[in-house]
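A short write-up of the structure that comes next.
None of the figures in this text is laboratory data; all of them are computed from the coordinates on show. Note that the structure is a prediction, hence the values are computed from the model and not measured. Please note: Cβ atoms are built from the backbone with ideal geometry, for glycine as well, and neighbour counts cover all protein chains shown.
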């Protein structure tokens, strides 16, 4: 039983399980330069969105907060921010700089050309990567981990095996003093009252109910009956019969401990324990929010299969479906289908997840990392102008 892992202690006290240099493109017109720099400098990760301009109000703030949160992430050793002008990149840079890590900003207009921006970016990130390579891992308690939990491609095995196994891990990490962030409140529908009853604070219980109802009402406003369209066709093909069956399986991955906090998209948790984040159910958007909120690792439970992972936060794929484990073996990190095939206990399956998390936290790669199955997608909350 691993009680510790080896991570990188950052200036702000948090611990990283990876040691990358991030290239944050603050707006769409510097994305090509960011990609060119990353192609020339090993040990870098591009964090880019197709937006960043023409956004106003809360929509713009979410994009800023998310990009800054990804750059400030403990898995990041240093950051280069690219933008059309220095002025437009400085706000993101200043938010990241508050963590104490090295941050530099380049503006396309001030640098002179896209090629000049690329070459100066190569020089800066190369220095950062060399400096990061000198850092050493140190032993850290598992309580230093914040782990996001996500699910997708759900089927009958999700609620019977993979989600409950992840739930056992979640309870154990919370009991050890760590943090679990449960995402996708739209997937609570029909079971939201169960989670609301576990909220420590009455205002959080009410917020859980309101989040679920908001998703339902917003869908209805656009002509979609979420209760009538769930389970989805692929869920039904996988054996799920009712919305409640799907939702009960989805919430199982969060475990059984009290909910200590409810936070907005891409915010960091301020308390340790079980936390709920308000994210959409679309996996890429949801996991981007989890990563921006400081989750060093994400566990993605899947029944029928889903290959995608998050940038910055290594994503561990768990399945309880023996067919998926066989057909998508190269995309699966933890196979707990023995719960159903040979009667392995949930506690033993949870231990298997725990051991994999400890190994990934210490540096073992996930299938998503090896195969580059990673995608950033920032939620939008308004039209561009």
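Things worth noting here:
- On Cα atoms only, tilt of 114-132 relative to the major axis of the chain in degrees: 70
- Point-to-point label distance, residue 130-residue 28, nm (Cα→Cβ direction, 7 Å offset): 3.7
- With neighbour counts taken as other beta-carbon atoms within 10 Å, the residues 352, 317 rank, fewest first, as 352, 317.
- Rounded to 5, percent antiparallel among DSSP beta bridges of the chain: 10
- Spin-label model, residue 12/residue 116: points 7 Å from Cα along the beta carbon direction are separated by 3.3 nm.
- The Cα center of the stretch 286-356 and the Cα center of the stretch 124-138 differ in position by 30 Å.
- At R0 = 22 Å, FRET efficiency that the Cβ-Cβ distance of residue 175 and residue 362 yields, to 0.05: 0.60
- Sorted by Cβ neighbour density within 10 Å, fewest at the top, the residues 211, 119, 287: 119, 211, 287
- Tilt relative to the chain, helix 202-221 - C-alpha long axis, 0 to 90 degrees, to 10: 80
- Candidates 38, 325, 131: whichever shows maximal mean-square fluctuation once the chain is modelled as a Gaussian network with Cα springs under 10 Å: 131
- The chain: most fluctuating residue of 11, 132, 250 per GNM, C-alpha cutoff 10 Å: 11
- Fully extending the segment from residue 330 to residue 218 would add 36.6 nm, taking 0.36 nm per residue of separation and subtracting the current Cα-Cα distance.
- Gap separating the Cα centres of the stretch 203-253 and the stretch 67-94, nearest whole Å: 35
- Length-normalised contact order of the chain in % [C-alpha pairs under 8 Å, at least 6 apart]: 22
- With both labels modelled 7 Å from their Cα along Cα-to-Cβ, the residue 56 to residue 384 distance reads 1.6 nm.
- The stretch between residue 210 and residue 256, if pulled fully straight at 0.36 nm per residue, gains 14.5 nm over its current Cα-Cα span.
- Degrees between helix 31-40 axis and first principal axis of the chain (Cα, 0 to 90, nearest 10): 90
- At R0 = 30 Å, FRET efficiency that the Cβ-Cβ distance of residue 98 and residue 138 yields, to 0.05: 0.85
- 11 Å reach of a label modelled at residue 346, 7 Å along Cα-to-Cβ, counting backbone N of the stretch 156-174: 159-169, 171
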